[in-house]
Amino acid sequence: MTATTKPDAAEQPSIGTFLKQNIREYGMLIALVVIMVFFQIITNGVLFKPVNLTNLVLQNSFVVIMALGMLLIIVAGHIDLSVGSVVGLVGAVAAVMMVNYKIDYVTTSIVCLLLGAVIGVAQGYFVAFHKIPAFIVTLAGMLVFRGMTMWVLGGMNIGPFPTEFQSMATGFIPPLGTAGPILSLSSFVLTLLMTFALVFMSWRTRTVNMAHGIEVEPQAFFLVQNIVLGVVTLYLGFELSTYKGFPNVLVIMLVLVSFYTFVTTRTTIGRRIYALGGNEKATKLSGINTERLTFYTFINMGVLAALAGMIIAARLNSSTPKAGFGNELDVIAACFIGGASTTGGVGKITGAVIGAFIMGVLNNGMSIMGLGIDYQQMVKGLVLLAAVFFDVYNRTKG
Amino acid sequence: MSADIILEMRNITKTFPGVKALSDVTFSVRQGEIHALCGENGAGKSTLMKVLSGVYPHGTYEGEIHYMGKQREFYGIKDTEEEGIIIIHQELALIPMLSITENIFLGNEVAKSGVIDWAEATRRTKELLAKVGLKNENPATLITHIGVGKQQLVEIAKALSKKVKLLILDEPTASLNEADSQALLDLLLEFKKQGLTSIIISHKLNEISRVADKITVLRDGTTVETIDCSNEPASEDRIIRGMVGREIADRFPKRSTAIGETIFEVKNWNAYHPIHSERQICNNINLNVRKGEVVGIAGLMGAGRTEFAMSVFGRSYGKKISGDVLINGKTADVSTVEKAIKAKLAYVTEDRKQLGLVLINNIMHNTTLANHGGVSKSLVIDDIAERKVANDYRNKLRIRSSGIYQMAVNLSGGNQQKVVLSKWLFTNPDVLILDEPTRGIDVGAKYEIYTIINDLVKEGKGVIMISSEMPELLGTCDRIYVMNEGRIVAELSKEDASQESIMRAIMRSSGEKN
């Protein structure tokens, strides 16, 4: 009834209609910027200080890393409640191996990642092949792995770790020289390269699309968007360069974000996960092994949760029975704030990353303001509700 | 306005953002008649009924509604139901895990201060069930345990419980088999004798010409004409002419394809029900298809046609499956969907929304879903190649959309079906099984689908067509297998096949067993 015949799609819509069509996409990015500016003002400029920006990255990298895996799981139509406990268990195993058994950090890291994969296999097996709801399987996992964490640690904190292991979470890339206010030349050069790459790629996509007669954003919008993106990247990179440079975890995070963005948007596996979440039966009848696909998303989540577990342990330089407690909620919230659909089939990596940073900036900003954890929880809860409400409201109205 | 007019809708205009769905529509129904509403998909039938039933409240449209001699303003379904206007939608609104009684009185419980009087509710349910010909049904049976045909009758019983004066049925027989459809139409005629007025929306023109006293034809949101059938029944061609605005010389495009050697063969195929594993759903089925041939499978709902097709296609249905499939003379491994596709078999599902399409994905993504290998290199999708494929099929099959990025959910039924066909054509099959390929789509789109089928067999492919509409099978197939209770009970050549011979084969085989 609403289908209209329009053989030649308009080349460029007006800025107004374009924004309206893509409000969800930019809405959360704008929200992130607004929140940042708000805290920058209310904390008298502390938020954007290089040392605080560095902290922001160090504190949130693990949420971002887990959100990448969680997004795939949510898009596939499932959920994983166990990641917080997996974080705890992996940290505990790493601590016992390195501290009690004096095993080197490389072997330990490999074993930890494998442990994450095994956990993914175990949970994915029940979800994918026996059709047990992921909510139940991972709720069980959450209890089991938390219990195992306490058992492995014997209820104690274990640490400290070798410095090499710690540097994964607290170290910075080698500066390779200084120049004026820039204390890490390597970070600044990386920033320049990244900015250039970002703008170049978006320009290239646009020209390719235009050459194939695909609707693209209005030119003025494209320019403003890229200038803002470029300036923001340059500014943040520059700020970090004037302190200790890029943290190692930032590099890990950027590599992973790029990788998963590529997987979700350009590969057949990514495409199939979206189809699976959109309509499992139709996907299965199209010759796609949906069980195996679901299984893989859980293994992937297990490995990413293990990586996050190591980063958290390394940052605290000690493993505690409580490590990772409640993290699953931050990670899941990040995905939903970033626009993932609770029914599956919809969600973007960039959205999940933005969602994670919204949560991160809220935490960080409120901590600087000196607000208690009580208020922080309330605010975060309301932000989650508001984001999803906005999403649903937009969809039913449009 | 004469006294026996129960409903008159005057100059109804309803606009959605950017689309004028109804434009100055006038529609009047006499007391005690069966009034059919016809038109292609998107002609505005459902919109008009939503205006009438208050789904679109007064004020969101222009025009007047006169009902029982007075001008009315309805603000919701509650308002219209109180006045006895009851609409039964195409998608049944019953709750599967509740009983018949619970469903009939849902929202309208037989209760005193919130406590339900089950004895009374059951008694009334029995009465209502008797009225719709379900005397022997236990009111405590769960909806999920009765067939679609009976569910439709329960819906009608539910309407009767609300003191219905004007019954609106939206595609009531779309998912019913021949026998259940007939029973339902007989029931409508029976109600008519008792003075009930009904409006029926249907694509099945033979049914309309059988029961309707008047037929109003809508096209592109306007009333084209109202045909009075009280003197002489309207022929199907007469109705189609009104719907499409032109004469359709032939509902089925002509085909003159040379038929070659056997391309597809199923031998001794057996399968059992996935849950009730003692029930055999396919009983020693043997059939074959030759190059350039369209082979039909006729049968009543529940004959096991879809189950057979799905069990062949990657064992997607059933248990304990045995038998051989030969494609191009060689035994083919079709044990998973992936392998079946590789063996050049394609199955276009009956239910395109649930099983055929990822509705929230766009046309392009749906088109390439079953053959990602065709648009990617080492797991990376080639955007440009993919767009080209999607655009090619969009043009070739004339999919009407704003582009390949339009979401499947926003397409009309006919165009959705074309997207499903695109998906399967892109896997380049030798044999296609089409399961109810024209269900719920309008006459014009049907013709286009038949043309696509003709093009396929011209390329030397073999087509199996499962359909519940016998005229369609008779009009398109070179040969027809008749299936009943999981067995092939007859094989009819084009010359021998007729509605009578098919029904006779079914009846005779049903008799054998009893």
Is it the case that the stretch B:457-466 has a residue that's surrounded by 23 or more Cβ atoms within 10 Å (Cβ to Cβ), within 18 Å of the chain's Cα centre (by Cα), farther than 14 Å from residue B:295 by Cα and away from chain A (no Cβ under 11 Å)?
no
Flag for residue A:371 being assigned to a helix (DSSP H, G or I) and either surrounded by fewer than 20 Cβ atoms within 10 Å (Cβ to Cβ) or of a type in the set (Lys, Arg) (or both):
no
So residue B:179 fits all but one of (1) open to solvent by less than 20 Å² (accessible area, probe 1.4 Å); (2) under 22 Å from the mean Cα position of the chain (by Cα); (3) under 30 Å from residue B:289 (Cβ atoms); what number is the exception?
(1)
Residue B:58: passes all of (1) out of contact with any helix residue (DSSP H, G or I) (no Cβ under 8 Å at 6 or more places or on another chain); (2) surrounded by 17 or more Cβ atoms within 10 Å (Cβ to Cβ) but (2)
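Okay, residues lined up against (1) without any contact (Cβ under 8 Å) to a residue 12 or more places away in the chain; (2) within 11 Å of chain A (Cβ to nearest Cβ):
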{"position": "B:298", "(1), (2)": "no, no"}
{"position": "B:301", "(1), (2)": "no, no"}
{"position": "B:304", "(1), (2)": "no, no"}
{"position": "B:318", "(1), (2)": "no, no"}
{"position": "B:322", "(1), (2)": "no, no"}
{"position": "B:326", "(1), (2)": "no, no"}
{"position": "B:330", "(1), (2)": "yes, no"}
{"position": "B:358", "(1), (2)": "no, yes"}
{"position": "B:375", "(1), (2)": "no, yes"}
Going through (1) surrounded by fewer than 21 Cβ atoms within 10 Å (Cβ to Cβ); (2) farther than 30 Å from residue B:39 by Cβ one by one, residue B:128 fails only at (1)
Please determine whether any residue of the stretch A:145-163 is outside any loop (DSSP other than H, G, I, E, B), out of contact with any Lys or Arg (no Cβ under 6 Å at 6 or more places or on another chain), of a type in the set (S, T, N, Q) and open to solvent by 60 Å² or more (accessible area, probe 1.4 Å).
yes
Residues of the stretch A:47-75 that turn out to be open to solvent by 10 Å² or more (accessible area, probe 1.4 Å) and outside any helix (DSSP H, G or I), as a count
2
Just to confirm my filter: which helices (runs of 4 or more DSSP H) fall fully inside the stretch A:202-311 and include at least 1 residues that are within 13 Å of chain B (Cβ to nearest Cβ)?
A:248-266, A:268-278, A:280-284
Restricting to the stretch B:379-420, name every residue that is more than 9 Å from chain A (Cβ to nearest Cβ), among the basic types (Lys, Arg) and in a helix (DSSP H, G or I).
B:394, B:396, B:418
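Just to confirm my filter: which helices (runs of 4 or more DSSP H) fall fully inside the stretch B:97-198 and include at least 3 residues that are in contact with a Leu (Cβ under 6 Å, 6 or more places away or on another chain) and at pLDDT below 90?
Working: elements: B:100-104, B:118-131, B:148-161, B:178-193.
Of the helices (runs of 4 or more DSSP H) lying wholly inside the stretch B:97-198, those with at least 3 residues that are in contact with a Leu (Cβ under 6 Å, 6 or more places away or on another chain) and at pLDDT below 90 span B:148-161.
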State all residues of the stretch B:360-373 that are open to solvent by less than 10 Å² (accessible area, probe 1.4 Å), within 10 Å of chain A (Cβ to nearest Cβ), part of a helix (DSSP H, G or I) and not hydroxyl-bearing (Ser, Thr, Tyr); if no residue qualifies, say none.
B:366, B:372
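So, residue B:61, is that one more than 25 Å from residue B:445 (Cβ to Cβ) and within 14 Å of chain A (Cβ to nearest Cβ) or not? Write out each step before concluding.
Working: more than 25 Å from residue B:445 (Cβ to Cβ): yes; within 14 Å of chain A (Cβ to nearest Cβ): no.
No.
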Residue by residue through the stretch B:304-327, note down the ones that are in contact with a strand residue (DSSP E or B) (Cβ under 6 Å, 6 or more places away or on another chain) and on the phi > 0 side of the Ramachandran plot.
B:304, B:315, B:318, B:320, B:323
Among (1) over 24 Å from residue A:343 (Cα atoms); (2) at pLDDT below 95; (3) open to solvent by 10 Å² or more (accessible area, probe 1.4 Å), which single condition is residue B:406 missing?
(1)
Scan the stretch B:33-44 residue by residue and report those that are at pLDDT below 90 and either in a loop (DSSP other than H, G, I, E, B) or surrounded by fewer than 21 Cβ atoms within 10 Å (Cβ to Cβ) (or both).
B:39, B:40, B:41, B:42, B:43, B:44
All positions within the stretch B:199-220 that are assigned to a strand (DSSP E or B) and open to solvent by less than 10 Å² (accessible area, probe 1.4 Å):
B:199, B:200, B:201, B:215, B:216, B:217, B:218
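The values are calculated or read from the model by the stated rules, or taken from the named source; none is laboratory data. Owing to the predicted nature of the structure, the values given are computational and were not obtained by experimental measurement. Using ideal geometry, Cβ is built from the backbone for each residue, glycine included, and neighbour counts are taken over all protein chains shown. Note: areas computed on protein heavy atoms with side chains; ligands, DNA, RNA excluded. Shrake-Rupley method; radii C 1.70, N 1.55, O 1.52, S 1.80 Å.
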